[in-house]
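Comments concern the structure below.
The values are calculated or read from the model by the stated rules, or taken from the named source; none is laboratory data. What you see is a predicted model; the values in this text were computed from it and never measured. Glycine also receives a Cβ, built like all others from the backbone with ideal geometry; neighbour counts cover every protein chain displayed.
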Amino acid sequence: MRISDNDMLELIAFTLGDQEFCVEVISVREIRSWTPATILPHSPDHVRGVINLRGVVMPIMDLSLRLGMAASEPTQEHVIIVTRIGEQTIGLLVDSVSDIFTVATDSIQPAPDVSRSVDRELIRGMIPMDDRMICFVELHALFETLESEAA
Amino acid sequence: MDMNEIKEIFFQECEEQLAELESGLLRLNDGDTDPETVNAVFRAVHSIKGGAGAFGLDDLVSFAHVFETTLDCVRSNKLEASQDLLKVMLRSADVLADLTAASRDGGTVESSRTSGLVAELEAYAKGQPLPSASAAPAPAPAAAAPEPAQAETPAPAAEAPEPTDDSGFQPVPFSFDALDGDDDLAIEDGRSVFTVRFKPRSDLYAKGNESVLILRELAKLGDLQVRCEADDLPSIDMLDPEGAYFSWLIRVETDQDEEAVRHVFEFVEWDSTVEITAGADEEAFAAPDAQGGDQPMAAVPFDLSLLEDVPAVSAEAAAPEAPAPAAAAPAAAGDESMAPPNLPLAAKAIAAEAEKKETVVPAVPAAPQTIRVDLDRVDRLINLVGELVINQAMLAQSVVENESGGSSAVNLGLEELQQLTREIQDSVMAIRAQPVKPVFQRMGRIVREIADMTAKQVRLVTEGENTEVDKTVIDKIAEPLTHMIRNAVDHGLETPEKRTEAGKNAEGVLRLSAKHRSGRIVIEIADDGAGINRERVKAKAIENGLITADANLSDEDIDNLIFHPGFSTADKISDISGRGVGMDVVKRSIQALGGRISITSKPGKGSVFTMSLPLTLAVLDGMVVTVANQTLVVPLTAIVETLQPEKSDIHSFGPSQRLIAIRDTFCPLVDVGNILNFRSDLANPVDGVALLVESEGGGQRALMVDAIQGQRQVVIKSLEANYTNVPGIAAATILGDGRVALILDVDAVVTASRGQPLSPDMMLAATG
């Protein structure tokens, strides 16, 4: 069976603690190393602040904390994945980028209905990869919730 | 350039014409009797009609036409520009604006609005014409060529005697019978004959029009006999190379009516004299040489073949701009002693001619040249300059950091760079600076509408319309301003009866003014109404639970309650200003612009709303400070003074408040780090610096910061673009080290210090 390009997704995988996650490459603008952010008062904990991305003020989100896991302790090793949806640019703070890969959309499995700690709206599905499991993060939901929470 | 682009330009021009129209009408309303003002108004409507006709916008054309017809009566002094008429005309201008908008954006204008005004305008046009002698001198020779009446409208000029204009030009009697039907003029085969005298002025050529093209257009109507008359052609040493000296006598035999003939001249009628007479003037054609016998060149039989297919060269040849010995005459005038005796005379004659010209053509001051530029391009430039400023600051900082021996050349270069950057920035900002006039003009209409709806009499007085401010600011103040104007008319001013009772003029005055003050623009809306009813405001606030019944409030505090969310004093929710959005929305939108708003009110005398806004939303002069290891920028305009608190100046007040004694007054001390949640404990004032700030309506506060780093001009970066509004923070900027620094929202911090928390969840905590 031939699979058309429309059914394929190109993803970028990264690690948070000992887990692997991925987002669509198409929304990723660049990957840069961590620089200290300027703290924003009265913001949710997972908003680490704002940094200067070539003249643009970009908020940095601690994805680990946002997904209900431990807050990151950023070091020089940490990276920021610059993502852009529509007119909005957000930096995601992650431990490291591990892989870029392509999967067929039908190989994405729905997220299991187990956890209350992970906001399931943020997870588009699970991707089995050899003996690994990669959690597919829905960027649109992430962007939408950022605005409503912060307001 | 495709049709849509041309149409877009037309609509842009329409906007300018509409503004011109409105301001002209308002000037007339204020008693301006200058005929040029009437002309300007007429021209505006006429241009809109002309353009609309070209794009087939029929609604617009027919309304503009009726409007224009009535204006023409005013222009030719057949109708007095009474206050009542001007009111109708102002409303017509509003409808014309709506029709234009409807043509551009789709949509329609209620036909009842147009038809009512059409009826009123037509009634005026048919009304009692004034005897031309008693009125102001007739404007421009063009008055001798009244607008053609189109079939669907009455001919206003028909009953009136032709005015004699002062240019010495004797108008030809004009038979309006022609309009009733072609029968009277019909010659055997049902065709009519018209005689047209067409005398272009130099302006016609200056505007890129061409008589030959007009004649060619005319030839399409029927058979043409054309004679060029060159009587006015001066001898070559007197010739102005850019003057227009020829005129044409044209005999048209056509199956069309006079209207069609006149239509050909539609776009040039302002720059030429056009007389159209029904019937043939055989005499004029018969005896050409008799008049100009001594000047063989005077009457030139016009080669009709020119009209058939005019190549560029012959078009030039046909144009009356005969190349003149431009060089010879000035040279002669330049040196009298060297010149033969007759030449100075010639020079004098030229001078006399020039003088004469000046008296005939009113000297119009040359308008500064302008170009239309896409706003996006300007914005891109401004963004780039913003980057340049940041870059320059970063460069300067790294040079300072790496400086070892003090290379003066580098420092000098950097200093110059800084100066240049600043100059570039100022110049670029100046491009965006626009007068507030268009917004103020729109308010005139709002006032008229609300006055009509509330049956109040209101006169809007505007001042400082030419005050300039950044275009973004202009765009964004329109809405809050509209709301405040509505509010002022609806709530501020009383009904005519009440005003009369109170011994005031029945007509309320609304004063809208703008001026520059210490780097900001201050806009005031003052009404001479009843002022704020403090008793009612207070009662309402208690009723809504905004304040406690025993609250001890100053007059100023009570007045400022109207800015409180959800506050509305109108007993009934009126259609106009009570739509659930109150002054709090106005206040928030002004604050979002980095502005402040305040009110002062005198019972029985009226209220004044004052808003002060930054001149630009792109840069800001700020004081860079450190608070809890964070770098913040405090807008310099908010800071009254900075001081180093002494231990003896600090006094505790209540459980957690601290006051600082400044000279003889006590001022609340606000710990910025604490209020922004940067630290939970309060800083020791003696270790830091106090910035005395003044906020609109909130009095003075001393903001505690840890240290002052310096003053700097910073480029404002939006936080909302990628994130959202942050309470207490106005915007962000990028400092010389490349880090983002937040710009403090002084008003929000001061408000928060008064017990209104910064963020919504804090508000819940405070009220719960």
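Restricted to region B:457-488, and to residues that are part of a helix (DSSP H, G or I), free of Cβ contacts under 8 Å to residues at least 60 places away in the same chain and touching a helix residue (DSSP H, G or I) at 6+ places or on another chain (Cβ under 6 Å), which residue is surrounded by the most Cβ atoms within 10 Å (Cβ to Cβ)? Before you say what the answer is, go through the steps one by one.
Looking only at region B:457-488, we keep the residues that are part of a helix (DSSP H, G or I), and these are B:471-488.
From the residues that got through so far, the ones that are free of Cβ contacts under 8 Å to residues at least 60 places away in the same chain too are B:474-475, B:478, B:481-482, B:485.
After this cut, where a residue has to be touching a helix residue (DSSP H, G or I) at 6+ places or on another chain (Cβ under 6 Å) as well, the list is B:474, B:478, B:482, B:485.
Values: B:ILE474: 21, B:ALA478: 16, B:THR482: 17, B:ILE485: 25.
Out of the qualifying residues, it is B:ILE485.
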(request) State yes or no: is B:GLY604 more than 17 Å from B:ARG701 (Cα to Cα), in contact (Cβ under 8 Å) with a residue 40 or more places away in the chain and away from chain A (no Cβ under 14 Å)? (result) yes
(message) With the requirement that a residue be among the charged types (D, E, K, R), under 19 Å from B:ASP94 (Cβ atoms) and in a helix (DSSP H, G or I), what does region B:1-42 give you?
(response) B:GLU13, B:GLU15, B:GLU16, B:GLU20, B:GLU22, B:ARG27
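Having 2 or more residues that are buried (at least 23 other Cβ atoms within 10 Å of the Cβ) and within 12 Å of chain B (Cβ to nearest Cβ) is the bar; report the strands (runs of 3 or more DSSP E) wholly within region A:11-62 that clear it. Talk me through it step by step, then tell me what you get.
Working: elements: A:19-24, A:28-33, A:47-53, A:56-62.
The qualifying strands (runs of 3 or more DSSP E) are A:47-53, A:56-62.
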(message) Looking at B:LEU691 and the list (1) touching a residue at least 60 places away in the same chain (Cβ under 8 Å); (2) within 14 Å of another protein chain (Cβ to nearest Cβ), which single condition is not satisfied?
(response) (2)
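Okay, residues lined up against (1) over 34 Å from the mean Cα position of the chain (by Cα); (2) surrounded by fewer than 20 Cβ atoms within 10 Å (Cβ to Cβ); (3) within 11 Å of another protein chain (Cβ to nearest Cβ); (4) not in a strand (DSSP E or B):
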residue: B:GLN700; (1), (2), (3), (4): yes, yes, no, no
residue: B:LEU703; (1), (2), (3), (4): yes, no, no, no
residue: B:GLN713; (1), (2), (3), (4): no, yes, no, no
residue: B:ALA721; (1), (2), (3), (4): no, yes, yes, yes
residue: B:ALA732; (1), (2), (3), (4): no, no, yes, no
residue: B:ASP737; (1), (2), (3), (4): yes, yes, yes, yes
residue: B:LEU742; (1), (2), (3), (4): yes, no, yes, no
residue: B:VAL749; (1), (2), (3), (4): yes, no, yes, yes
(request) Scan A:VAL103, A:VAL137, A:VAL79 and give me the residue that is crowded, with 18+ Cβ neighbours inside 10 Å, away from chain B (no Cβ under 14 Å) and more than 26 Å from A:ARG48 (Cα to Cα). (result) A:VAL103
(message) I need a count of the residues in region B:657-680 that are within 14 Å of another protein chain (Cβ to nearest Cβ) and hydroxyl-bearing (Ser, Thr, Tyr).
(response) 1
(request) Scan region B:635-694 for residues that are exposed (fewer than 14 other Cβ atoms within 10 Å of the Cβ), touching a Pro at 6+ places or on another chain (Cβ under 7 Å) and part of a strand (DSSP E or B) and jot them down. (result) B:GLN657
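Residue-wise test of (1) touching a strand residue (DSSP E or B) at 6+ places or on another chain (Cβ under 8 Å); (2) outside any strand (DSSP E or B); (3) in the same structural domain as B:LEU593 (by TED's automatic domain parsing).
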| site | (1), (2), (3) |
| --- | --- |
| B:ASP490 | no, yes, yes |
| B:GLU497 | no, yes, yes |
| B:ASN505 | no, yes, yes |
| B:ALA514 | yes, no, yes |
| B:ILE521 | yes, no, yes |
| B:GLY531 | yes, yes, yes |
| B:VAL537 | no, yes, yes |
| B:LYS540 | no, yes, yes |
| B:ILE547 | no, yes, yes |
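Quick one: which helices (runs of 4 or more DSSP H) lie wholly within region B:322-435 and hold at least 3 residues that are at pLDDT 80 or above and surrounded by 12 or more Cβ atoms within 10 Å (Cβ to Cβ)?
Values: elements: B:328-334, B:342-360, B:375-402, B:408-432.
Qualifying helices (runs of 4 or more DSSP H): B:375-402, B:408-432.
Which ones in region A:63-87 are in a strand (DSSP E or B), in contact with a strand residue (DSSP E or B) (Cβ under 9 Å, 6 or more places away or on another chain) and not hydroxyl-bearing (Ser, Thr, Tyr)?
Kept after step one, since they are in a strand (DSSP E or B), are these residues of region A:63-87: A:79-85.
Retained after the next criterion (residues that are in contact with a strand residue (DSSP E or B) (Cβ under 9 Å, 6 or more places away or on another chain)): A:79-84.
Residues satisfying the conditions are A:VAL79, A:ILE80, A:ILE81, A:VAL82, A:ARG84.
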(message) Quick check on my filter: what residues within region B:14-50 are more than 15 Å from B:ALA81 (Cβ to Cβ) and exposed (fewer than 14 other Cβ atoms within 10 Å of the Cβ)?
(response) B:GLU16
